[in-house]
Amino acid sequence: MVSQGELLRRFGSPLYVYDADVVRARYARFVDAFDHQPLHVHFAIVCNKNRYLVRLLASLGAGIHANTPGDAFAALAAGVAADRIVYSGTNLDEQDFRYLLDRGIRMNLDSLDQLRDRARFGRAEDRTEIGMRFLIDDEDRPNRIGITLGELPEALAIARAAGLRITGLHMYAGTNTRRARRFIECMERLVDAAMQLPDLAWIDIGGGFGVAYEDDEPELEIEQLGRDVSARMRTLSKVRGPIELIVEPGRYLVGAAGSLLTTVVSVKTHGGRRYVGVDTTVGNIVVPSVYHTRHRVELVGDAAPLLDVPTDVCGNTTHSRDYLGRNLKLPEVAPGDVLRLRDVGAYGYAMSSHFLNRPRPAEVVIDGAGVHLTTRRETFADLVATQVDE
Ligand SMILES: Cc1ncc(COP(=O)(O)O)c(C=O)c1O
């Protein structure tokens, strides 16, 4: 397998690197956990729209979950068929509705207003089955997305009047949920509500399947969760006939597959702390500035003893939150050494931005012996490419 140093020599630093075999293994483990049929796994492209990975997941049998029409566009651009895309999002305007309806994309809407808008903007040739996002938490907790149990009869009435059929309910347990119990509690409420649908055909338990970012964090017990979800689906199907189970994992499938390689530029120590300056920034990967020490950072190369000095890994801007890691333990490092941020396959490149004006890194996918450049490195010109002088 090509070394990480070799990758940087070929593609430059910093660099996002994904391992296709990790995605295959995560997908297989996830799918195997659920024995309910029919099961439809829709990869949440919001967390990573890398075309190589989207195509890989599609080739393994996954559809796509789209949070926005732009997500749907990215999936279609990667070659995913429209009938393999499920949209579940919020606040669509007329143009958004038409984009999705014209392509026959299945939708979960999140409010009575959106359902009325669907009726208003729809045409006779549009698909008539619709799903509704269900507000899974107590109504007194602030949560803006989904309809309540009390609103369900009105939703059914609006749909009926418009010639639509509500054939499924959707939920979202919250991102990076590592407690299997949370999914089951939410699902129980969802299934209770779904019993009120005369045309029930599917249950969509959304995404949010969590991963461990620290050595001592417990993993989500996906096998246990899959068994529990499948058992509930079997019970439901006994009462209501065959019901499709839809799941929308993002982070779970690709999070561990991604690394961000970055090169050390400077090292300084003062006040008992070591500051390791690198050639990337939180503009290239937003998560550390939001969640601080979320990604494990390792020195690439031969194993070396960790120094007992609190170490911050600092980005290449003076922004006060430009730290890729804080209070870490790292070995001796010197300019030119390479560090690896682990588990950046989800919400890494996807959340990067031009804030701080450091062009975004390239992305490569390692697939067996193959190394594929999938996103070119940005240049300064990309930072101003959308500006016009009218
Ligand atoms: C409705 C829905 N499904 C799935 C996902 C994917 O979430 P995760 O990557 O946590 O699995 C999201 C993320 O925002 C979402 O909003």
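Helical content alone sets the calculated 222 nm signal of the chain at -8500 deg cm²/dmol, taking -39,500 (n - 2.57) per DSSP H segment of four or more residues and averaging over every residue. Near Thr68, once Lys and Arg are set to +1 and Asp and Glu to -1 for all other residues with Cβ below 13 Å from its Cβ, the sum equals -3.
Using the alpha-carbon atoms, what tilt in degrees (0 to 90, nearest 10) does helix 152-161 show relative to the longest principal axis of the chain? With both axes taken from Cα atoms, the answer is about 70 degrees. Peptides 294-304, 80-90, 338-348 ranked from most to least packed by the mean count of surrounding Cβ atoms within 10 Å: 338-348, 80-90, 294-304. Computed with the Debye formula from one identical point scatterer per Cα of region 34-249, without solvent, the log10 of I(q)/I(0) at q = 0.10, 0.13, 0.15, 0.16 Å⁻¹ comes to -0.42, -0.73, -0.98, -1.12. Computed from the alpha carbon atoms alone, the convex hull of the chain holds 165 Å³ per residue.
Each residue in Glu244, Glu185 was given a count of other beta-carbon atoms within 10 angstrom of its own, and listing them fewest first yields Glu185, Glu244. From the largest down, region 94-198 spans 43, 27, 22 angstrom on the principal axes of its Cα atoms.
Computed from Cα atoms, the angle from the helix 112-121 axis to the main principal axis of the chain rounds to 80 degrees. When its C-alpha radius of gyration is set against 2.2 N^0.38 Å (N residues), region 31-161 gives a value of 1.11. Roughly what angle does helix 20-33 make with the longest principal axis of the chain, taking Cα atoms, 0 to 90 degrees, to the nearest 10? On a 0 to 90 degree scale, this one is about 40. Of the peptides 63-75, 250-262, 153-165, the order by per-residue mean of other Cβ atoms within 10 Å, starting with the highest, comes out as 250-262, 63-75, 153-165. Based on the Kirkwood radius over alpha-carbon pairs, what is the Stokes-Einstein translational diffusion coefficient of region 145-258 at 37 °C with 0.692 mPa s viscosity, in µm²/s? Here the translational diffusion coefficient equals 214 µm²/s.
Coordinate-derived values only; no laboratory data. Please read these numbers as outputs of a predicted model, since none were measured by experiment. Note: ideal-geometry Cβ built from the backbone for every residue, glycine included; neighbour counts use all protein chains shown.
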